[in-house]
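The structure under discussion appears below in the form of structure tokens.
The values are calculated or read from the model by the stated rules, or taken from the named source; none is laboratory data. Because the structure is a prediction, the values reported are computed rather than measured. All Cβ positions, even for glycine, are placed from backbone atoms using ideal geometry, and neighbour counts span all protein chains on display.
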Amino acid sequence: MVRFGILGCGRIGQVHAGSLQRIANAKLVAVADASPEAARACGERFGAEVREASSIVSAADIDAVIIATSTDTHYDMIHLVAGGRKAIFCEKPIDLSSERVRICIKTVEDAGVPFMTAFNQRFDPHFGALQRRVAEGEIGDVETVSIVSRDPAPPPVSYLKSSGGLFRDMMIHDLDMARFVLGEEPTRVFAVGSTLVDPAIEQVGDVDTAAVILTTGSGKICQITNSRRATYGYDKRLEVHGSKGMLRAANVLENSVESATSKGFTLAKAEAFFLERFGAAYLAELQSFVDAILNGRKPRPDAQDGLRAQLVADAATQSRMEGRPIEIPA
């Protein structure tokens, strides 16, 4: 049994609390939040004690801590939890600064505690099956990867002010997925971005529509497009083309019922948003983390995976601003 504490009782913290209730060899013991009301509501909903963050970190009845606080607190929380010698499950990104991520990695390594970066999309049953079949050689050598991510609507501008920008906030999942299916590290990125959805987003220095081209040392190419608007639901698609064929993971729809009338064939809308689309992935990633701890195995994706995705996101941000391809640091 792995006993958990959660730091951060917002939307994603509650998702993880719900997942823990469904994992037989895990137990949620306590939660903490900067808002006493949020902590109390979460504790009551999921049957957990409400404690201070420092108490969770030092508690003898807690083995692992989920860091689901805002990104700008992750650095301090990682150091706090590592100091308490607890296993760490941290939401992405680890930090908005790659150098500070490196410091976090050293802190975790010095403490000798397990660490997992929450790139939940690796655990999606559809994307996971595609990646395994690519790795098994079903379509031969990978040549191109195409990823589409479009949110139904942009988040509040107040959130975007401290998000780090679209490439570090939204696209970072796709950048990790690109690494996951390419089988080698991207070495160069060219990015473009525009504000086509909400002019207020431009006022905080961000974009809402973007595309990148990644290339690897062997010449593999990945193209990613992101938008903060999709009128038909959460649009999330992945395609990999290789020397022997192609694999594609299409959108997951609200239902599988197809209608045929004189007007033609129609299907349901795509799932409403990421919580619905990746519900199974959130559960599977925490189960993987629990299994790794119980079996003495290193969790994946780990802190180095978090760093690599961050370095690509940093390079993409720079490329968009400077209008030129950028070499991704090794």
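Based on what the data block shows, is A210 touching a helix residue (DSSP H, G or I) at 6+ places or on another chain (Cβ under 6 Å) and under 14 Å from S149 (Cβ atoms)?
Values: touching a helix residue (DSSP H, G or I) at 6+ places or on another chain (Cβ under 6 Å): yes; under 14 Å from S149 (Cβ atoms): yes.
Judged against the criteria, A210 is a match.
Having 2 or more residues that are under 15 Å from D302 (Cα atoms) is the bar; report the strands (runs of 3 or more DSSP E) wholly within the stretch 11-119 that clear it.
On the way: elements: 26-32, 64-67, 87-91, 115-118.
In the stretch 11-119, the matching strands (runs of 3 or more DSSP E) lie at 64-67, 87-91, 115-118.
Have a look at A210, A272, A268 and point out the one that is buried (at least 17 other Cβ atoms within 10 Å of the Cβ) and of a type in the set (G, A, S).
Working: A272 fails: buried (at least 17 other Cβ atoms within 10 Å of the Cβ); A268 fails: buried (at least 17 other Cβ atoms within 10 Å of the Cβ).
Among A210, A272, A268, only A210 is buried (at least 17 other Cβ atoms within 10 Å of the Cβ) and of a type in the set (G, A, S).
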Selection count, the stretch 189-224, where residues are in contact with an Asp or Glu (Cβ under 9 Å, 6 or more places away or on another chain) and of a type in the set (S, T, Y): 4
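I'm trying to understand the selection: among the residues of the stretch 174-190, which are in a helix (DSSP H, G or I) and aliphatic (A, V, I, L, M)?
Going through the stretch 174-190, the residues in a helix (DSSP H, G or I) turn out to be 174-182.
Result: L175, M177, A178, V181, L182.
Among the residues of the stretch 176-207, count how many are farther than 18 Å from E322 by Cβ and either buried (at least 17 other Cβ atoms within 10 Å of the Cβ) or touching a residue at least 40 places away in the same chain (Cβ under 8 Å) (or both). Write out each step before concluding.
Here is the first cut: in the stretch 176-207, the residues farther than 18 Å from E322 by Cβ are 176-185, 196-201, 203-204.
Narrowing further to those that are either buried (at least 17 other Cβ atoms within 10 Å of the Cβ) or touching a residue at least 40 places away in the same chain (Cβ under 8 Å) (or both): 176-183, 185, 197-198, 200-201, 203-204.
Looking only at that region, the number is 15.
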So which residues in the stretch 75-94 are free of Cβ contacts under 8 Å to residues at least 40 places away in the same chain, out of contact with any strand residue (DSSP E or B) (no Cβ under 6 Å at 6 or more places or on another chain) and crowded, with 24+ Cβ neighbours inside 10 Å, if there are any at all? I78
Test result for A59, under 29 Å from R168 (Cβ atoms), surrounded by fewer than 21 Cβ atoms within 10 Å (Cβ to Cβ), among the aliphatic types (A, V, I, L, M) and modelled with pLDDT of 95 or more: no
Look at P156 and say whether it is in the same structural domain as G217 (by TED's automatic domain parsing), over 18 Å from the mean Cα position of the chain (by Cα), surrounded by fewer than 21 Cβ atoms within 10 Å (Cβ to Cβ) and closer than 27 Å to S35 by Cβ. yes
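Among the listed residues S288, S319, which satisfies the condition of being part of a helix (DSSP H, G or I), touching a residue at least 40 places away in the same chain (Cβ under 8 Å) and closer than 16 Å to L214 by Cα? Break it down into steps so the answer makes sense when it comes.
Working: S288 fails: closer than 16 Å to L214 by Cα.
That would be S319, the only listed residue that is part of a helix (DSSP H, G or I), touching a residue at least 40 places away in the same chain (Cβ under 8 Å) and closer than 16 Å to L214 by Cα.
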Conditions (1) over 25 Å from F190 (Cα atoms); (2) in contact (Cβ under 8 Å) with a residue 60 or more places away in the chain: number failed by V157: (2)
Those residues that are surrounded by 15 or more Cβ atoms within 10 Å (Cβ to Cβ) and over 18 Å from the mean Cα position of the chain (by Cα), I need them from the stretch 291-314; list them, please. D291, A292, I293
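Kindly indicate whether any position in the stretch 299-316 is of a type in the set (S, T, N, Q), touching a helix residue (DSSP H, G or I) at 6+ places or on another chain (Cβ under 9 Å) and over 30 Å from S256 (Cβ atoms).
Narrowing the stretch 299-316 to residues of a type in the set (S, T, N, Q): 304, 310.
From what is left, the residues that are touching a helix residue (DSSP H, G or I) at 6+ places or on another chain (Cβ under 9 Å) are 304, 310.
Imposing the further condition that a residue be over 30 Å from S256 (Cβ atoms) reduces the set to 304, 310.
Yes, the stretch 299-316 has at least one match.
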Across the stretch 212-270, which residue is nearest to the chain's Cα centre (by Cα) among those that are closer than 20 Å to V189 by Cα and not in a strand (DSSP E or B)? K220
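Given the criteria closer than 26 Å to G279 by Cα and in contact with a helix residue (DSSP H, G or I) (Cβ under 9 Å, 6 or more places away or on another chain), does A191 qualify? Lay out the reasoning, then the answer.
Working: closer than 26 Å to G279 by Cα: no; in contact with a helix residue (DSSP H, G or I) (Cβ under 9 Å, 6 or more places away or on another chain): yes.
Taking the combined requirement at face value, the residue does not satisfy it.
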The conditions are (1) without any contact (Cβ under 8 Å) to a residue 12 or more places away in the chain; (2) under 16 Å from the mean Cα position of the chain (by Cα), and E99 fails exactly one of them. Which is it? (2)
